[in-house]
1. Could you grab the pairs with beta carbons closer than 9 Å, sequence gap of 6+ or different chains, first residue in region 30-42 and closer than 11 Å to residue 20 by Cα, second one polar (S, T, N, Q)?
2. What residue, among those in region 1-47 that are outside any helix (DSSP H, G or I) and over 26 Å from residue 86 (Cα atoms), is modelled with the highest pLDDT?
3. Which residue, of 30, 68, is polar (S, T, N, Q), farther than 30 Å from residue 2 by Cβ and over 20 Å from the mean Cα position of the chain (by Cα)?
4. Collect the residues in region 1-27 that are under 15 Å from residue 96 (Cβ atoms) and of a type in the set (A, V, I, L, M), keeping them in residue-number order.
5. Please identify the pairs in which a residue from region 81-92 that is closer than 16 Å to residue 14 by Cβ has its Cβ atom under 8 Å from the Cβ atom of a residue that is assigned to a helix (DSSP H, G or I), counting only partners at least 6 apart or on another chain.
6. If only one of 75, 93 is touching a helix residue (DSSP H, G or I) at 6+ places or on another chain (Cβ under 7 Å), surrounded by 11 or more Cβ atoms within 10 Å (Cβ to Cβ) and at pLDDT 80 or above, which one is it?
Amino acid sequence: MIACIVLLGLGQGLVNMQVNNHALQAAPINLISRVTPMSNELLQVVNSFSIAFITAFLSSQIKNDLKNSSLTIAGNIAFQNTFMMLTIFVCIGFVLTMFLKRKKVNKE
C-alpha cells in the first residue's frame, strides 16, 4: 500500500514538471510573466479538486463494499479500485501525450 502511494506521488511530481515546462515553452516570451503564476494557481486548484474527487470515490467504494464484507476487506477492495481508476487516468494521459506537437525552433 505504501509503495503505491509513493509511486503515485513520484509520478505526480515527475509529470507536473513536464506539463509546466511544456506550457511555458508554448507561451510567447512577452506573456511568460503572466503564464507562470497562472499555471501555478491552476496546478493548486486542479490538485485540490483531484484530491476531493479521489477521496469521494474512495469513500463511496468503502460504503458500497461494506454491505458485503468487513471493514478491512472493504477498505482493501476500495483502495484497489481507487488505484485502478488512477491507473486508467494515467494510461489515458499517456495516450494523449502522443498527440502533443513539438514547437518548431527557429534557427537564427
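1. 36/20; 39/20; 40/20
2. 28
3. Among 30, 68, only 30 is polar (S, T, N, Q), farther than 30 Å from residue 2 by Cβ and over 20 Å from the mean Cα position of the chain (by Cα).
4. 15, 19, 23
5. 86/8; 86/54; 90/11
6. Being touching a helix residue (DSSP H, G or I) at 6+ places or on another chain (Cβ under 7 Å), surrounded by 11 or more Cβ atoms within 10 Å (Cβ to Cβ) and at pLDDT 80 or above holds for just one of 75, 93, which is 75.
The values are calculated or read from the model by the stated rules, or taken from the named source; none is laboratory data. Fair warning: this is a prediction, and the values are worked out from it, not measured in the lab. Reconstructed Cβ throughout: ideal geometry from the backbone, glycine too, with neighbour counts over all protein chains shown.
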